[in-house]
Amino acid sequence: MATHPFILLFYAVSGFLNTMIGIFHKKTTENNYFINKSYTSSGENVFIEDQNEKKELRYGSKSFAHSGCGAAAVYNALKILGHPLPLADIIRHFEGHGASFFAAFGTAPQAAAKYLRSLGFFVENTSNRKKFKELAECSDVMIFTIMNNRSSLRRMLHTMCIERIPENPSVSLEGSSHRFTVHNSHGRSENYVNFDEMMLHLGDGSGLADGVYMAGVRKC
């Protein structure tokens with residue numbers, strides 16, 4: 001089984017190469033943008049909870065349903081952060097900056113953190129398994145990439161937007177109890193009372209989901 005550093009290296013390299021040769025995909029990107037705008041204009045006020053419902057959307061060389069989890073996570077996160085952007089615009093950005101082999105393998109996890117920073121947000125990120133819980137508990141929103149099953153890379157990866165919700169909003173982030181809402185997980189939103197419970201249910205349902213990369217964002 002590939003280790004996480006190799007997974008992240010694969011995405012970093014493939015995302016970088018995609019950016020370098022983006023000029024060759026420009027026509028496809030603009031055609032995708034035209035198609036995506038026509039389908040997303042009427043549905044921009046809700047979270048994406050099941051990317052499989054959006055088979056008509058294009059993402060790089062694939063459908064959004066196939067490869068769009070990273071872009072969906074960013075779209076959902078920006079809504080939570082009070083900075084919503086059209087899904088078609090987010091897809092177009094990642095097609096040129098971070099789509100792994102023009103989205104054949106989705107979006108490089110590192111690209112989401114870079115994009116959110118470019119929009120002015122303070123973003124912390126980690127690929128250290130021991131720090132995922134710590135970062136989740138001091139962030140408002142997370143973009144979290146996981147292996148669906150750590151015993152089999154064939155089960156692939158999935159990226160989700162996770163919202164941290166303090167039970168007492170008047171108490172500071174560090175001092176409050178909280179729960180987590182996960183968007184676009186198993187085709188729905190899911191609520192968990194803590195990080196450990198959440199990790200038991202993410203992925204393919206085997207209890208073997210494993211974090212790969214997390215970007216944590218504060219609302220400011």
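Points worth noting:
- Cα gyration tensor shape of the chain, rounded if a/c is under 1.5, else prolate or oblate by comparing a/b with b/c: prolate
- In order through the stretch 211-217: 3J(HN,Hα) via Karplus (6.51 cos²θ - 1.76 cosθ + 1.60), integer Hz, x for Gly, Pro: x, 10, 7, 10, 10, x, 10
- The charge dipole of the stretch 123-217, taken about its Cα centre with unit charges on the Cβ atoms of Lys, Arg (+1), Asp and Glu (-1) only, comes to about 420 debye.
- For the chain, the longest principal axis of the alpha carbon atoms and the long axis of helix 26-40 meet at an angle near 60°.
- Subtracting the Cα-Cα distance of Ser152 and His201 from 0.36 nm times their residue separation leaves 16.0 nm of extension gain.
- Contact order relative to length of the stretch 4-118, as percent, for alpha carbon pairs under 8 angstrom and 6 or more apart: 36 percent
- Fewest neighbouring Cβ atoms within 10 Å first, the residues His178, His158, His83 line up as His83, His178, His158.
- Given Lys37/Lys130; Lys62/Lys131; Lys37/Lys219; Lys130/Lys219; Lys27/Lys219; Lys26/Lys54, the pairs whose alpha carbons are separated by over 30 Å: Lys37/Lys130; Lys62/Lys131; Lys27/Lys219
- Each Cα pair under 8 Å and six or more residues apart adds its separation to the average, and for the stretch 123-217 the resulting relative contact order is 39 percent.
- For the chain, the longest principal axis of the Cα atoms and the long axis of helix 109-118 meet at an angle of about 90 degrees.
Only the coordinates and a few stated rules stand behind these numbers; no lab work does. Predicted, not measured: the structure shown is a model, and the values here were computed from it. Cβ coordinates were reconstructed from backbone atoms using ideal geometry, including for glycine residues, and neighbour counts include every protein chain displayed.
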